[in-house]
Amino acid sequence: MASGKVEQGDGPGEPDLVLGVLEPRIATALAEACPAFFEAEGVSALEVLLQPDLFAALLDSAEAGAAATVLSRADGASGYPDSVGLMIALRQGLERRLSGLDIPEVTPKTLATACRRIGDALKSSDGQLALLAALVRMTPQDRGAGKRIAGLAACLRQPLPSGAVEPLDRLLGDMLSRPAMARELFPAEMSMAQQIGTLLDTAEGRGDALGRSVPVLAAVVRSEAYPRLGQTRRGARSTAISMLGSPGQLAGTDLEAADLAVLSDELAGMQELGRRIRRLAAGDEEQRLRQALRQRATWLLQEPILASVLAGLDLYESLCALFELQTVTSEFDLRPVDDRLRRMLNDRNLSADLRRASPTIAGQVRICGQLHRRAQESTFAPAERERLAKMFDGFQLSLLKRSQILDGISTEKRIDIDLLLQAADLLAEEAFPEGEARRAVHRTLQRTIRRPLFFRTVLGDETDRDARIAGLNEVLGRLRDAGITCRSPQDLRVLCVDDEPGARKFVRMILEDLAVGEIMEARDGQEALEMVEQEDNVLDLIIADWRMPRLNGLELLKRVRKSHAQMPFLMITALATVPAVREAMHYEVDAYLAKPFPPEQLEEKILTLINR
């Protein structure tokens, strides 16, 4: 390892000049002043200055003048009369300085051992320069920037002496400060906003946020040396800020191939970056960064990219895509999205075009319902959101009328169970947002299930009782899922009260045909009253004859009303006189049936009562 002063060059203060051009401020300025050269070579400033062939190529490039201007600001450069003399002296001085050093050969695994062998000399300027040159040689240019940064990061896996951390930090920081080099660390599918966020996580030491997406940077943050990697943190932060203000293409995606997921992720990521800017900067710089975000959003939402996002989508998909973009973020100027949405929504053929988006009425209803909901959740002004919601609600009503779904569910002599269930399923899946169309469907279904014909239609001609009950439960279950209030006969407990066994058998037969779950019998009013009191208000219906021994039907009604005012009560009697009916009505009988009667009349009374 060489020590002492480096041999003087032709110009005054040459040793100071060599060290001066390697200072971070000069290295950073050099890369910024010669973007074409550094972009073409894919290298950092320190790699150029510490490799004579690359430095010579810079001096022969079209940006040599810009390089000379930057290098003239280095410590020790003021004694040279012109830039030509400065560059010659610097080139010769760098070559002599490097050739006079004992530069060890190192790998990530041997770096710590090499540093211990160097010992105290590592603390000198020559020792630092030698180790810096060794790290540059360890990661040759032909390996690519991503692999070179990964090689340096691998050195951090083992404990390093303090003298080794500084050169490593300088080179890592210099590489990460070059956006073109840093971007080689990221997967092709990672959006620009995610890349920026990852660099900020690196600068802020958020190893938990890095995860496994960029293992190289995660290893840097989790290393023991991370608190001493000031240049590395500043390089990552500098590139993040630079990328914030650089439109460029969507990361990993050509404009012609941009889709909704890419654009949405990018905008969402930018919104998250907007929240982090306050931690990055303050005052004028904060405003500058926010302006850069807004400019990037404007660029992302320009017409060619929107056209690319919507290419290949039908009308419904295009509207959904624009609504989604509109609600991804409220941070940026979304006028291009709003303007395109309004043009499409205000098209006078919109309703007809949406009908062509699905071959079925149910599909068309769902489409209008989704757009109704998206309009309500949009960022349009409240009045415009309300207008759009009413428009899509009107589209749904029109579809129901055109298809005659509501009119076809229930006619005077027929109930179409298939249509009824189709409407119920649409309600259950919330295809109808809150509005007139939803209320119309709900009213129709609720009114239909109150008709005795509904239960007779569902139960049908099936003779197997279990099959009838299973079919009924399926229909009622789908109606309940739709928010329709309905009771299954199977859940009912009915008490039949009559002193004549034949009459009780007749009523039982009808109740069994209706699939009533539990049927109890009493021979007179007194026995029935005792059962009511024992059952403690769990009966759903009492069917009682008027004339019975011990306690007649009217007296039973009076007693029941004292303790169970809401219990449904159906009176059956041959006394169909006006005074008798009035007396029963006085005690709030729920229904009245005169003997003799066909089974259908009793069915209708029962079904009406249980679904009041």
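Rolling a 1.4 Å probe over the heavy atoms of the protein chains gives the chain an accessible area of 46 Å² per residue. Using the Cα centre of the range 74-174 as origin and beta-carbon charges of +1 (Lys, Arg) and -1 (Asp, Glu), tell me which of 129, 106, 93 is placed farthest towards the positive end of the dipole. In the range 74-174, that residue is 106. Separation of the range 162-236 and the range 555-612, taken as the distance between their Cα centroids, equals 84 angstrom. Summarised as an ellipsoid, the range 554-612 has semi-axes of 19, 16, 8 Å, derived from the eigenvalues of the Cα gyration tensor scaled by 5 and square-rooted, with the largest first. Axis of helix 501-513 versus longest Cα principal axis of the chain: the two differ by about 30°, to the nearest ten degrees. Entry note: the range 72-178 has Rg to Rh equal to 1.02, where both radii use alpha-carbon atoms and Rh is the Kirkwood radius. With the simple spin-label model, which puts each label point 7 Å out from Cα in the Cβ direction, the residue 597 to residue 57 separation comes to 10.2 nm.
For the range 45-89 and the range 114-136, write down the distance between their C-alpha centroids in whole Å. Here the answer is 24 Å between Cα centres.
For the range 427-449, there are no residues whose amide N sits under 12 Å from a probe point set 7 Å from the Cα of residue 474 along the beta carbon direction. The range 486-514 and the range 349-423 have Cα centres lying 42 Å from one another.
Over all distinct alpha-carbon pairs, what is the Kirkwood Rh of the chain in angstrom? Write out the running numbers ahead of the final one.
Details: mean 1/r = 0.0311 Å⁻¹.
Here the Kirkwood hydrodynamic radius works out to 32.1 Å.
Packing here is the average count of other Cβ atoms within 10 Å per residue, and on that basis the peptides 68-79, 301-312, highest first, run 68-79, 301-312. So how tilted is helix 162-176 from the main axis of the chain? Cα-based, degrees 0 to 90, rounded to 10. Long axis of 162-176 versus the principal axis of the chain: about 70 degrees.
When only the Cβ of Lys, Arg, Asp and Glu is charged (+1, +1, -1, -1), the dipole of the range 24-167 relative to its Cα centre reaches about 620 debye. Can you tell me the 0 to 90 degree angle between the C-alpha axis of helix 361-376 and the longest principal axis of the chain, rounded to 10? The angle comes out near 60 degrees. Residue 96 exposes around 80 Å² of accessible area when a 1.4 Å probe is run over every protein chain in place. With 0.36 nm allotted per residue and the present C-alpha distance subtracted, the residue 352-residue 212 stretch has 45.5 nm of extension available.
Would you please give the FRET efficiency between residue 333 and residue 387, computed as 1/(1 + (r/R0)^6) with r the Cβ-Cβ distance and R0 = 30 Å, to the nearest 0.05? So the FRET efficiency works out to roughly 0.85.
The distance between label points at residue 276 and residue 294 comes to 2.2 nm (points 7 Å beyond Cα on the Cα→Cβ vector).
Apply 1/(1 + (r/R0)^6) to the Cβ-Cβ distance of residue 120 and residue 23, taking R0 = 30 Å, and write down the FRET efficiency to the nearest 0.05. The formula returns an efficiency of 0.80 here. Straightening the chain between residue 566 and residue 404 buys 54.5 nm, computed as 0.36 nm per residue apart minus the Cα-Cα spacing.
Under the convention that each Lys and Arg Cβ holds +1 and each Asp and Glu Cβ holds -1, the size of the dipole of the range 428-564 around its Cα centre is about 640 debye. One chain, two ends: residue 83 and residue 110. Fully extended at 0.36 nm per residue, the span grows by 5.6 nm beyond their Cα-Cα distance. Net charge in the neighbourhood of residue 34 (other residues with Cβ under 11 Å of its Cβ; Lys, Arg +1, Asp, Glu -1) is -4. Note on residue 436 and residue 228: the model spin-label points, each 7 Å out from Cα along the C-beta direction, lie 7.6 nm apart.
A Förster distance of 30 Å, applied to the separation of the beta-carbon atoms of residue 450 and residue 343, puts the FRET efficiency at 0.05. When the surface is traced with a 1.4 Å probe over the full set of protein chains, residue 138 keeps roughly 30 Å² accessible.
Within the accessible area of the chain, the carbon and sulfur atoms contribute 48%, probe 1.4 Å, all protein chains present. Quick check on the range 465-598: take the gyration tensor over C-alpha atoms, sort the square-rooted eigenvalues as a ≥ b ≥ c, and tell me if it's rounded (a/c under 1.5), prolate or oblate. Prolate, because a/c is 1.5 or more and a/b exceeds b/c.
The C-alpha atoms of the range 325-473 occupy a region whose extents along the principal axes are 67, 28, 26 Å, arranged from largest to smallest.
The values are calculated or read from the model by the stated rules, or taken from the named source; none is laboratory data. Keep in mind that this is a model prediction, so the values were computed, not measured. Reconstructed Cβ throughout: ideal geometry from the backbone, glycine too, with neighbour counts over all protein chains shown. Surface accessibility is based on the protein's heavy atoms, side chains included, excluding ligands, DNA and RNA. Shrake-Rupley method; radii C 1.70, N 1.55, O 1.52, S 1.80 Å.
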